[in-house]
Every structure is written in structure tokens, then in C-alpha cells.
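Every read-out reported here was derived from the displayed coordinates using simple, explicitly stated rules and does not represent laboratory data. The model shown is predicted, which means the values in this text are computed figures rather than measured ones. No Cβ is skipped: glycine too gets one built from the backbone with ideal geometry, and neighbour counts run over all protein chains shown.
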Amino acid sequence: MLNIIPKPFKAEELPGKADARGGFAFSSAPWEKDTARFLKNISPAGGAKLSVTVKQDALLGNEEYTLEVGENGVFISACSGAGYAYALESLRQLFSAGGGLLPCVKIHDKPRFARRGFMLDAGRYFIPVNEVKKFIDFMLIHKLNVFHFHLTEDQGWRLEIKKYPLLTSEGSKRSHTNFNCKPHGGYYTQEDIKDIVEYCHERHITVIPEIDMPGHMQAAIHCYPQLSCFDRKLPVATHWGVKHDILCAGKDFTLQFVKDVLDEVIELFPDGYVHLGGDEAPKMRWELCPHCQAKIKKLGLENENQLQAHFISEVKEHLKKKGVRAITWNEDEISGKAPTDIIWTVWNVTEKELHKMYAEMERGRELINSSSVPNYLDLTYNKNPLKAVYLQPVDICKKHEKMLGAEASLWTEQLPTIKRAHFMTFPRLGAFAEAVWSEDTARNYNEFLARIPAYEKLLKSAGAVRIASVKRANPGKLFGALEQLWFNKVQLCWHGLHNLIDDAKVKRKYGKKQGK
Ligand code: ACM
Ligand code: ZN
């Protein structure tokens, strides 16, 4: 058994060991930055160095590599920096597991899916740049290649936009969080973002920013109340849950705002994708709003869901003109209405609903699987155990070419500290990485478990501050129930009641004018 996660495509173990306790000496290295980073992450104990020879091989795929470890040296071949970096990550894992003594082996490795993502929610809790970078380091260790950065939320706007300075001067701060009276805030300057994007690119990771719309916009509405249907003066949200005041889709100002914001976003994130959110956008304000209703009438639409499809379509066209592809979460209400050239990150689909996804792919839509179970890493281990993450099929509709890959999502409502965030992420990220990188036929859950001790050692050396034990990550009935009880307790905030009261207020004030 080789201590490498995710498991390589093919590996032939040979007799003998190679001694790299003195570190490595590269005789040739076409990709200098990757080599330098690798050497920085290796702590040799002293003694002779093991030689490493690198060959560029144009016949290999972009992320494919071969790695041969022999007693006299290491040979790597790759076509590009990505494949080379993955070879080095595998070498690093062998080095770490064996304390510098490597098993002799011939590896040929390549990924099962082209897109292997990780989403980080910096909206609910701001995550400092150095901690974001640590997550990016973990992504490379797991051979993940798409960083989806969720930057705006009801509870905080985290991205500096020069044209709308209030978004960060006001919108990045909230007075308290649920029943915790401490204020919370933070945002990324445009210079921070350039630094993070460069950090990702050096690690062969594409970056996709998410500006969630028309829902999840209360922080922006706090700064610019005219973005909402009734120009409501609202605080940056202080409680979790789905908010009912969303962007008004009937006002010209809203579309102008969104386009202005996105124009800055695509300058900062040059990889050709923007995630537009689109999830959890309740329509009770739109039903009462004269602007939204006038727009529905003018466009000859049937209802508010069609208005959302129209809104997202206009924004998508704006991006398309600039050569940028739009992605959204899938939402049942606008299924069949949203243009099929928008990629969907699938999140709320149960096994029973898979046929809907198949129909979408037949219509030409590309999908990324981020089904909440098994791909939401913030869910309790009771709800989403390690084993379920590992054994997931990923390709929920059986080898459909439109299934681009999968994404592990880390929402942060219940993760106020990095320690908690790491605890929920590991070891599930390892299971996810293997599901999305390694062929189905190569995966074996028990053998994966046997690799976990070496994996934990590696994660700790890379800066993981807390890792769930396998027992915690697959809780039994009693522990699972306790965990769920704790989770439900922290969910016990009053947003449900708050929404109810607020809806009644809005209805009383504006409902009559519309004759509703
Ligand atoms: C989501 O979990 N609301 C995408
Ligand atoms: Zn409106």
C-alpha cells in the first residue's frame, strides 16, 4: 500500500527503498517555482541527497505524470507544470510517510475528472488571507484545481469594489452574530485578491469568485437600500437563514450596480468564470413590488420565477460579451427557464431527483456535482459521514460528458474558528479528493482508512490545526445524536420568527397599494 491520497491511477511497487533523508537534488527542473516550493516543504534530516531527474513529455496530458522512485534516484515526466506539481505532491507524501525513506515504485497518474473544486465561504465569517492561502495549500496537496471563493453574503460583503466603497466600509461589518454579542467584520482589498489569485495560479488552481444574486444580498442592501424592492433600511444580517429582502429585479439601478460590480470582479479574477449564486431567492418582496411587477408585465412573463431567470440571463449575457462564463447553483424554481449555457453547481439534488439532472445535461447544460450530502463538508459528521463522502459515485448520471466534476463546499455558519473549519474539513477532504481523482475501480474504503495515519501526519506538517479522528468522522448512533443535538441547538436562532414578523410588516405597509 502506498501512502498517497488521492490514490494514483496505476502504481507498481518494487523491492527496495530509496534514501532521501538528506533531501533531494534536482539535476534538471523545467518548472522552477514548483521545484522551489517542493523543496521548501521538505525537511531533510541530513546526509546525501537523492537525485531527481525531470523530463518534459508532450505526449502526457496536462495533469498527468509519471513518477519512478529507484534506489539511485527519482525520475519524473510531465507535460506541464500542473502534472509536474502533482508528481511532486505524491513524492512529498511518500517522503513524509516514510520519514525520508521512500518505497521504490513506478507510478502513472492522471485524474478521473477535469474539475475538482473546493468552495470556501468567507461571507459568514471573514477568513484572513494567510488562512485562505493555507486552504489553497491543502487544495494542491489533494490535487484539487478549482477554488470557488464565496465572497458576498447577507452577513457580510468581503470584496473591495472601488465604485461602491460602502460595500466594504459598511457592508463588511455586522454588530453581532446570533446570540453572541461580539461584532464581526473583515474584507479583502483588491491587492489581497490579486495576491490570492497569484497564489492559486502558482499552484495550478483556477479561481472562481462568487457574487451571490439576487438573494443573499442583505449586506449590499444595507449599504445601498435602493437595491431592494422598497428601499428598505436593513442592518447587515446578524442571524443565519434565508433572508427575504433580495435585489429588486425591476429597477434599472440594480442591473447597473451588478454590471459595475462584475466589471471590477472580472478584472480581479482573470480565469474566465464568475459564479452568480442564484440560490435561495424567495419572491415575497417581488410579488408586492411595483417595479418587479411592471417588469414582469412589460416582458410578458408569467411569474416571479421567470423574472429571476430573465435577470440572471441578462447578467450572464453581460459576462458573455466579455468572454466570461457564468455559473449558478441549481434552483428548482428556475429549472428549465435559465439559459443552458450557464453551468450549474448542483447542490440540492437527492437521489430521487437525479433524472432532472440527466434531463438538464441532455438539454446541453454542464454540471458540477456539489450535492450537499456528500459534498458539504460543514455538515455534521452525523449527517455526512466520512464513509459517505468516500463512497459517493460523483458522476450522478453515469459517465455523462456534461458532468464536469465535483466540488467540496465549506459553508461557515457553524464554523467560527479555523480550528473548527479544519476539524470539519479533514479527513473528509481526502475522501472527496479520492472520489474525484481516482477511478472507481481503484477506490477501496478500508484501504483508504489504512492510509489515514500517514495522511494526518502530512496534514499536520502542512498546518492543519485540528483533524477529526476516523471514529468522530463516522459517529455511532449515540455520538451522532449528541452531535446533531449540538448542531440543532446552535441553529436555535430567531431568524424564522424574525422573517415572519418582517413579512407581516412589509405586507401591511406595501401590500394594499398593490391590491393584494
Ligand atoms: C446553497 O447551499 N444555498 C447553495
Ligand atoms: Zn422589486
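Dividing the convex hull volume of the alpha-carbon atoms in the range 145-193 by its residue count gives 99 Å³ per residue.
Across all C-alpha atoms in the range 14-60, the radius of gyration and Dmax reach 12.4, 37 Å.
Taking the longest Cα principal axis of the chain as reference, the axis of helix 129-141 is set at about 50 degrees. Looking at the range 21-88, the trypsin sites (Lys or Arg not before Pro) that sit in a DSSP loop and have at most 15 other Cβ atoms within 10 Å of their own Cβ are LYS49.
Considering only chymotrypsin sites (Phe, Trp or Tyr not before Pro) in DSSP loops that have at most 14 other Cβ atoms within 10 Å, the longest stretch of the chain without any of them is 180-493. Relative to the longest principal axis of the Cα atoms of the chain, helix 252-268 runs at roughly 10 degrees.
Its Cα centre serving as origin, the range 4-108 has a Cβ charge dipole (Lys and Arg +1, Asp and Glu -1) of approximately 280 debye. Compared with the alpha-carbon gap, the fully stretched path from LEU478 to LYS33 is longer by 155.3 nm at 0.36 nm per residue. Spin-label model, THR380 to LYS509: label points 7 Å out along the Cα-to-beta-carbon direction sit 3.8 nm apart. For the chain, the spread of Cα coordinates along the three principal axes comes to 83, 51, 44 Å, biggest extent given first. Qualifying trypsin sites (Lys or Arg not before Pro) in the range 395-449, where qualification requires a DSSP coil assignment and no more than 12 other C-beta atoms within 10 Å, comprise LYS398, LYS399. Taking the Cα centre of the chain as reference, the dipole from Cβ charges on Lys and Arg (+1) and Asp and Glu (-1) amounts to some 1300 debye.
Considering only DSSP states other than H, G, I, E and B, which trypsin sites (Lys or Arg not before Pro) in the range 222-296 qualify as loop sites with at most 14 other Cβ atoms within 10 Å? Answer in residue order: LYS233. How far is it, in nm, from the label point at GLN190 to the one at GLN226 when both lie 7 Å from their Cα along the line to the Cβ? A separation of 2.2 nm, rounded to one decimal place.
For LYS182 and LEU166, the difference between the fully extended length at 0.36 nm per residue and the C-alpha to C-alpha distance is 3.6 nm.
Computed from the C-beta positions of ASP19 and LYS40, the FRET efficiency with R₀ = 22 Å rounds to 0.55.
Once the dipole of the range 178-300 is set up with Lys and Arg at +1 and Asp and Glu at -1 on Cβ about the Cα centre, which of LEU299, PRO270, HIS216 lies farthest towards its positive end? Farthest towards the positive end: LEU299. Spin-label model, LEU301 to ALA359: label points 7 Å out along the Cα-to-beta-carbon direction sit 2.1 nm apart. Using R0 = 41 Å, the C-beta based FRET efficiency linking LEU59 and SER175 works out to 0.10.
One decimal place: the segment THR350-LYS419 gains 21.8 nm when fully extended, by the rule 0.36 nm per residue minus the C-alpha distance.
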